[in-house]
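No value in this document is a laboratory result; all are computed from the given coordinates. Keep in mind it's a predicted model, so treat the numbers as computed, not measured. When we count neighbours, we look across all protein chains shown, and the Cβ atoms used for this are built from the backbone with ideal geometry, even at glycine.
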Amino acid sequence: MSTNAKSFEERAASEPTDLHKAFAHWIEMETGVKPDLKTVQLVCSLRMDFQKSETNQADLAKRKKAAADKKAKAAAEKRERLQKQLAKLQAELAETAEVEPAVSVPAETAAPAQAAAPTLPVKRAPARKRPTSARPAAK
């Protein structure tokens, strides 16, 4: 829906409503800044028209594209940085493997078995009885 300039002019020529006056007063009370009443009226009346306007939609699309491009660039830089770190770690691992060959220890000689600790009898708490309030009343 597009609003023509005449309706903008008509809305701008109208008098501020009680809502506009109350809003201007509220702004002053909350911020300490006394706004121009006509400006408050125009902002309230024309905000949605501005948001729907082709100019604002084009600006919004540019900002969204710029944000998406920035995010993609950051992701590519992070991926490149992580790939370099991975390559460095793989090179270090390859050097270590050449210098110190991995020694495999057979499972049988890995560690001597430790003597098992004697088991003590487990003391159990007596079973709890149901509270009497949960039992049906006797007749």
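Miscellaneous remarks
- Excluding same-chain neighbours fewer than eight residues apart, the lysines reachable from K64 by a Cα-Cα span under 25 Å are K52, K73, K78.
- Förster radius 35 Å - calculated FRET efficiency between K71 and S7, Cβ distance, rounded to 0.05: 0.30
- In straight-distance terms, cross-link reach from K84 covers every one of the aspartates and glutamates whose alpha-carbon lies under 19 Å from its own, apart from those fewer than eight places away in the same chain; here that gives E92, E95.
- Where a label projected 7 Å from the Cα of K78 along Cα→Cβ would reach, residues of region 55-72 with amide N under 16 Å: 67-72
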